[in-house]
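The values are calculated or read from the model by the stated rules, or taken from the named source; none is laboratory data. In this text, all values refer to a predicted model and were calculated from it rather than measured experimentally. Because the Cβ atoms are built from the backbone with ideal geometry, glycine has one as well, and the counts that use them run over all protein chains shown. Keep in mind that these areas ignore ligands, DNA and RNA; they rest on the heavy atoms of the full protein, side chains included. Shrake-Rupley method; radii C 1.70, N 1.55, O 1.52, S 1.80 Å.
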Amino acid sequence: MAASLLHLNTAAAVAVASAKTAENPNVSGVQLPDKTRNSRVLVLGGTGRVGGSTATALSKLCPDLRIVVGGRNREKGASMVATLGKNSEFAEVDVNNKDSLEAALSDVDLVVHAAGPFQQAQKCTVLEAAIETQTAYLDVCDDTSYAFRAKSFKDRAVSANVPAITTGGIYPGVSNVMAAELVRAARSENKGEPERLRFSYYTAGSGGAGPTILATSFLLLGEEVVAYNKGQKIKLKPYTGMLNVDFGKGIGKRDVYLLNLPEVRSAHEVLEVPTVSARFGTAPFFWNWGMEAMTNLLPAEYLRDRSKVQQLVEWFDPLVRAVDGIAGERVSMRVDLECTNGRSTIALFSHRRLSLAVGNATAAFAVAILEGSTQPGVWFPEEPEGIAVEAREDLLKRAAQGTIAFVMNKPPWMVETDPKELGLGIYV
């Protein structure tokens with residue numbers, strides 16, 4: 001309800017985050033403005049892996065915050081509240097029911113929507129309820145259709161004085177901010193005009209993030225990939241266009257494949273880079289083979305059906321969990337920017353545990369909103385109205401807690417990268 005209190009001006013120095021955060025990962029607790037220090041934050045999906053990790057990270061980053069764990073399972077909710085401590089409580093919420101949502105939002109200052117998957121969702125019910133109740137909003141959406149549907153509520157959010165960010169997790173989310181800083185640095189240093197932006201992501205197994213991530217991966221295999229080549233939108237088959245990318249320390253070289261991710265379109269439109277693509281890969285290697293096989297053998301209509309995909313998740317989840325115990329849950333994201341004068345720079349983020357990193361990332365966005373960094377409206381992370389330019393350094397530092405590697409705006413040779421095109425006619 002206190003969205004108007006969150007639209008405050010920040011005045012920090014502009015800087016680019018660097019590898020120093022990885023060397024000293026312990027970021028001290030955040031001192032929020034007096035008006036928002038004791039804010040109530042509702043985390044929807046708070047009993048799940050992503051939401052639970054976000055609630056935990058928020059409680060550590062801002063101990064004075066009052067965390068409301070939103071979910072459907074009271075037993076899991078009670079367990080999460082016991083973990084978080086005295087400044088937390090559980091609220092039973094149905095994210096598909098507007099009345100249930102509005103009741104839950106009636107006395108909170110910020111809602112964090114982590115109740116995925118977002119693929120094939122037809123409505124932005126949580127965002128609509130947030131606007132109706134004048135509650136600040138953040139989601140961890142990783143679906144292009146959902147993200148741009150959320151974006152269509154911008155004018156309504158402005159009228160209601162509600163600051164909102166969509167795609168504000170780890171990837172997309174932190175990766176968008178990394179890309180925005182690379183582009184900003186290139187233009188401010190007059191080192192050529194940004195020409196190509198490439199997002200590369202790697203997660204071992206399911207990253208320890210549970211069945212929701214598995215469902216997301218399967219649903220994305222049913223979506224045609226949208227990429228941009230020299231300003232032209234192109235459509236490609238999912239899980240093709242393999243590149244072998246070196247993610248540096250602790251991760252090494254990994255195969256990554258094209259997927260339809262929202263940061264491709266948002267970065268192309270917001271940052272005005274003509275060639276943009278995103279790729280993802282996993283381990284062990286046979287999971288990549290399995291993803292390719294599913295893309296080739298199962299009809300796209302099957303992979304776009306949430307009920308059928310849920311059946312696949314139930315079948316595969318026990319096996320995935322068993323393999324996760326061996327593969328671990330390391331995560332890495334690398335953003336490459338190439339400019340017209342041949343200059344190339346990268347941003348790199350690697351963490352031993354995705355289940356921790358995603359919570360730190362989402363919490364960093366939540367804190368930025370509470371600090372007043374976000375203007376009324378619905379924004380992508382790379383938009384300055386979403387995360388003010390002067391607030392990006394703090395956001396990246398908070399998100400990078402515990403990383404094994406965190407590099408911003410460095411030449412590619414620092415991680416000895418030599419990506420190679422394999423089997424794709426168009427190089428994006």
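Within the range 133-254, antiparallel bridges make up roughly 70 percent of the DSSP beta bridges whose residues both belong there. Note on the chain: Kirkwood hydrodynamic radius from all Cα pairs is 21.3 Å, rounded to one decimal.
Its Cα gyration tensor gives the range 279-428 an equivalent ellipsoid. The semi-axes, each the square root of 5 times an eigenvalue, are 31, 23, 18 Å from largest down.
Treating each Cα of the range 250-343 as an identical point scatterer and summing with the Debye formula, the log10 of I(q)/I(0) at q = 0.10 Å⁻¹ comes to -0.40. DSSP assigns beta bridges within the chain; of those with both partners inside it, close to 50 percent run antiparallel. Stokes-Einstein diffusion for the range 346-393, with the hydrodynamic radius set to the Kirkwood value over Cα pairs and evaluated at 25 °C in a medium of 0.890 mPa s, equals 208 µm²/s. Quick check on my link table: of Lys35/Lys397; Lys151/Lys191; Lys154/Lys233; Lys60/Lys154, which ones sit more than 28 Å apart, alpha carbon to alpha carbon? In this structure, Lys151/Lys191; Lys60/Lys154 lie more than 28 Å apart at Cα. For the range 132-279, the Kirkwood estimate of the hydrodynamic radius, built from every pair of different alpha carbons, is 16.7 Å.
Judged by the ratio a/c of the largest to the smallest principal axis of the C-alpha gyration tensor, the range 104-210 counts as oblate, that ratio being 1.5 or greater while a/b is no larger than b/c.
Once both labels are positioned 7 Å from their Cα atoms along Cα-to-Cβ, the gap between Ser106 and Asp305 label points is 4.1 nm.
Please list, by residue number, every one of the chymotrypsin sites (Phe, Trp or Tyr not before Pro) in the range 104-177 that is coil in DSSP and has at most 16 other beta-carbon atoms within 10 Å. Sites meeting the loop and neighbour criteria: none at all. Near the amide H of Trp379, within less than 5 Å, lie the amide hydrogens of Ala164, Ile165, Thr166, all on another chain or at least 5 residues away, with H placed in the peptide plane. Ignoring ligands, DNA and RNA, please state the percent of accessible area on the chain from carbon and sulfur, probe 1.4 Å. With neighbouring chains kept in place, the figure for the chain is 49 percent. The Kirkwood radius of the range 180-259, taken over pairs of alpha-carbon atoms, gives through the Stokes-Einstein law at 4 °C and 1.567 mPa s a diffusion coefficient of 85 µm² s⁻¹. The residues of the range 152-202 expose, per residue, 30 Å² of accessible area to a 1.4 Å probe. Here the calculated FRET efficiency for Lys249 and Ser159, from their Cβ-Cβ distance with R0 = 41 Å, stands at 0.30, rounded to the nearest 0.05.
A simple packing score, the average count of other Cβ atoms within 10 Å per residue, orders the peptides 167-173, 393-399, 222-228 as 167-173, 393-399, 222-228, with the highest score first.
Only Cα pairs under 8 Å and 6+ residues apart enter the sum, and on that basis the relative contact order of the chain stands at 25 percent. So how much slack lies between Asp64 and Lys237, counting 0.36 nm per residue of separation and subtracting their Cα-Cα distance, in nm? This chain segment gains 57.5 nm when fully extended. Per residue, the accessible area of the range 303-349 comes to 46 Å² when a 1.4 Å probe rolls over the protein heavy atoms. The calculated 222 nm mean residue ellipticity attributable to helices in the chain amounts to -11000 deg cm²/dmol, summing -39500 (n - 2.57) over DSSP H runs of n ≥ 4 and dividing by all residues.
The alpha-carbon atoms of the range 22-147 define a convex hull whose volume equals 119 cubic angstrom per residue.
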